[in-house]
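Engineer: Below are the structure tokens for one structure; questions will follow.
The values are calculated or read from the model by the stated rules, or taken from the named source; none is laboratory data. Owing to the predicted nature of the structure, the values given are computational and were not obtained by experimental measurement. Glycine gets a Cβ as well: all are built from the backbone with ideal geometry, and neighbour counts include every protein chain shown. Heads up: the accessible areas ignore ligands, DNA and RNA and are worked out on the full protein's heavy atoms, side chains in. Shrake-Rupley method; radii C 1.70, N 1.55, O 1.52, S 1.80 Å.
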Amino acid sequence: MTDKPLAPTSIGELTPEMMTKYSEGTFTDLIGLRFTEVGPDRVCGEWVVKPHLYQPAGIQNGGVLCTVIESLASTGGQYWYGDQGNVVGVNNNTDFLRAVSAGTLTAEATPIHRGRLQQLWQVVVTDEQDRVIARGQVRLQNLPKRS
């Protein structure tokens, strides 16, 4: 038995606080991602860059950025797709533009394309000075419920 909260009965009931709580015990929880906005057209989150998230050169590990980008895009895609089924990531293409070793990073995911079978989301990560740290695109596969 786990203390993990149950998912909302309808995806439209999801709040940022619920998504953050639902993520407890997952990798996004380990890196400290906190959802700040959740909806079908925009998902935002933030986390604090800390030494346990560094790569050996003492800067934010790129895998953390990829994880945040994938997590926010997937959350937005699932919110939009709703009760029709599930979505899964099939491609994550992330560009690292600026090294960071401290501060709070913010990410915003927005859809580029949402179709019957696939979605494409863009995610932009910025620092406290609103400088772009990374930019990613995530392609999602829509998996309809099976009868």
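Engineer: Give me the pairs: first residue in the range 49-69 and free of Cβ contacts under 8 Å to residues at least 24 places away in the same chain, second residue part of a helix (DSSP H, G or I) and of a type outside the set (A, V, I, L, M, F, W, C), beta-carbon distance under 8 Å, and six or more apart or on different chains, which are they?
Structural biologist: Q55/G62
Engineer: Hey, among the residues in the range 108-136 that are in contact (Cβ under 8 Å) with a residue 60 or more places away in the chain and open to solvent by less than 60 Å² (accessible area, probe 1.4 Å), which one's nearest to A73 (Cα to Cα)? Working first, answer last.
Structural biologist: Step one: filter the range 108-136 for residues in contact (Cβ under 8 Å) with a residue 60 or more places away in the chain, giving 108-111, 125, 133-134, 136.
Imposing the further condition that a residue be open to solvent by less than 60 Å² (accessible area, probe 1.4 Å) reduces the set to 109-111, 125, 133-134, 136.
Values: A109: 6, T110: 7, P111: 8, V125: 12, I133: 17, A134: 14, G136: 9 Å.
That would be A109.
Engineer: Taking the range 49-86 only, how many residues are under 13 Å from the mean Cα position of the chain (by Cα) and under 26 Å from L117 (Cβ atoms)?
Structural biologist: Start the filter on the range 49-86 by keeping residues that are under 13 Å from the mean Cα position of the chain (by Cα), which leaves 63-79.
Subset that is under 26 Å from L117 (Cβ atoms): 66-79.
So the count comes out to 14.
Listed here are the residues, each with its yes/no results for (1) assigned to a helix (DSSP H, G or I); (2) of a type outside the set (V, I, T); (3) at pLDDT 95 or above; (4) at negative phi.
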residue: T67; (1), (2), (3), (4): yes, no, yes, yes
residue: A73; (1), (2), (3), (4): yes, yes, yes, yes
residue: Y81; (1), (2), (3), (4): yes, yes, yes, yes
residue: G89; (1), (2), (3), (4): no, yes, yes, yes
residue: A99; (1), (2), (3), (4): no, yes, yes, yes
residue: V125; (1), (2), (3), (4): no, no, yes, yes
residue: R135; (1), (2), (3), (4): no, yes, yes, yes
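Engineer: Restricting the search to the range 12-40, which residues are exposed (fewer than 15 other Cβ atoms within 10 Å of the Cβ) and β-branched (V, I, T)?
Structural biologist: T15, T26
Engineer: Name the pairs: first residue in the range 18-39 and at pLDDT 95 or above, second residue in a loop (DSSP other than H, G, I, E, B), Cβ to Cβ under 6 Å, at least 6 apart or on different chains?
Structural biologist: V38/L14
Engineer: Here is a check on your reading of the model: is G85 of a type outside the set (K, R) and at positive phi? Write out each step before concluding.
Structural biologist: On the way: of a type outside the set (K, R): yes; at positive phi: yes.
So G85 fits the description; yes.
Engineer: Tally the residues that are open to solvent by 50 Å² or more (accessible area, probe 1.4 Å), of a type in the set (G, A, S) and either touching an Asp or Glu at 6+ places or on another chain (Cβ under 6 Å) or closer than 19 Å to L143 by Cα (or both), restricting the search to the range 41-92.
Structural biologist: 0
Engineer: Do any residues in the range 77-99 that are free of Cβ contacts under 8 Å to residues at least 40 places away in the same chain and over 18 Å from L120 (Cβ atoms) have Cβ atoms under 6 Å from those of residues that are open to solvent by 40 Å² or more (accessible area, probe 1.4 Å) and part of a strand (DSSP E or B), where the two are at least six apart or on different chains, and which pairs are they?
Structural biologist: As it stands, the answer is L97/V132, since those pairs meet every condition given.
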